[in-house]
Amino acid sequence: MHIPVLKEEVIRVLSPKRGDFVVDLTAGGGGHSVEFAKRLGKEGILVLIDWDEEMIEKAEEKISEMIDEKDRPEIFFITANFADIDEIFSEIQIDRKPDIFFADLGISSFHLEESLRGFSFRLEGPLDMRISKSIKLTAREVVMNFSERQLADIIYRYGEERLAKKIAKEIVRRRKERDINTTTELAEIVESVYKKTGIYNTKIHPATKTFQALRIFVNRELDNLSDFLQKVAKFVKSGTKIGIISFHSLEDRIVKRTFLSWEKDGLGRRVTKKPIVPSEEEMVINPRSRSAKFRAFEFL
């Protein structure tokens, strides 16, 4: 089941109200989208974007189920990469600027629980990891075809994995013996490297960082975030708020630096000087929320 992260904090900080125009850049399972829709009313506008067509369908189902049609805002369901925000706005042609932009950059529960998508090291499935079917490169192609040095760079840069070189070396050694086709095969390879080093007793699964690195690389996640942040200022007005939930330091660093830069340039103010993190209670209910950080900015 998909549980929206930091739901109450997002609503409190971004404070959507009746008649507002809200853009949810990562509709996902529709958890946050429903909370926005409840507050916008008939006069409001809600644009729901997701790169994965299946997630847009799920968001549409959730909105239909949870929001009474009599008081439902005008809703646009768009399958697209939020990095293409300029093309999206050109397509929808709404004659006003949004009050709120929101993004939850975490991988959805649906993706983690659907073995065929290849995101989870706990479930056996093909090494895919593509958020959108429009992406050509799969994680398997990276694992099977990239050089040892390229693999080490990807695992270190995007996973911040200190054993990146050893893991890359073991991947290359194993793939000479036979193809690495599944998530569990790759997870076992990474696990074996950890066992050899004697530092297996970590709080997170040994394959976590390697899988994160491959997913980020395949989907160009950091590039997409940077591209969006470079473009979004064209689509804001005085009072527009942007809220972003990130789940690892690479994303958070991009958001933090961008918001600081905007503030220094006099474009607005950081609503959150320090990131908002989940309460102990939320982390118990939803362990996946543990690494979440929420930052918000308001344009002047």
Can you give the calculated 222 nm mean residue ellipticity of the chain, where each DSSP H run of n ≥ 4 adds -39,500 (n - 2.57) and the sum is split over every residue, rounded to the nearest 500 deg cm²/dmol? -14000 deg cm²/dmol
Counting only DSSP beta bridges with both partners in region 1-133, the antiparallel fraction in percent, to the nearest 5, comes to 0
Mind giving me the FRET efficiency for L116 and K273? R0 is 30 Å, r the Cβ-Cβ distance, nearest 0.05 is fine. 0.10
Pop the C-beta distance of I199 and R178 into the FRET formula with R0 = 25 Å and round what comes out to the nearest 0.05. 0.40
Could you pull out every one of the aspartates and glutamates with an alpha carbon less than 18 Å from that of K195, ignoring same-chain neighbours closer than 8 positions? E161, E170, E185
From the phi of every residue in region 30-39, what ³J(HN,Hα) in whole Hz does the Karplus formula 6.51 cos²θ - 1.76 cosθ + 1.60 yield, where θ is phi - 60° and glycine or proline is x? x, x, 6, 4, 4, 4, 5, 4, 4, 9
For region 172-212 the chymotrypsin sites (Phe, Trp or Tyr not before Pro) that pass both the DSSP coil test and the at-most-16 other-Cβ-within-10 Å test are Y200
Amide N of region 29-51 lying under 20 Å from the label point, which is placed 7 angstrom from the Cα of R220 along Cα→Cβ: 49-51
Take every DSSP beta bridge with both residues inside the chain and express the antiparallel ones as a percent of the total, to the nearest 5. 40
Quick one: helix 208-219 against the long Cα principal axis of the chain, what's the angle to the nearest 10°, folded into 0 to 90? 60
How much of the pair distance distribution for the chain lies past 33 Å, counting alpha-carbon pairs only, in percent? 26
I'd like the Kirkwood hydrodynamic radius of region 119-219, using the inverse of the mean 1/r over distinct C-alpha pairs, in Å. 13.3
What nm distance separates the two modelled labels at K133 and L260, each placed 7 Å from Cα along Cα→Cβ? 4.3
³J(HN,Hα), Karplus 6.51/-1.76/1.60, whole Hz, each residue of region 263-279, x for Gly, Pro: 5, 5, 7, x, 7, x, 9, 6, 6, 10, 5, 10, x, 8, 10, x, 6
Which is the longest part of the chain that has none of the trypsin sites (Lys or Arg not before Pro) sitting in a DSSP loop with at most 15 other Cβ atoms within 10 Å? 43-95
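Values quoted throughout were computed directly from the atomic coordinates according to the rules given, and no laboratory measurement underlies them. On a predicted model such as this, the values are computed, not experimentally measured, just so you know. Note that each Cβ is placed from the backbone with ideal geometry, even for glycine, and that neighbours are counted across all protein chains shown.
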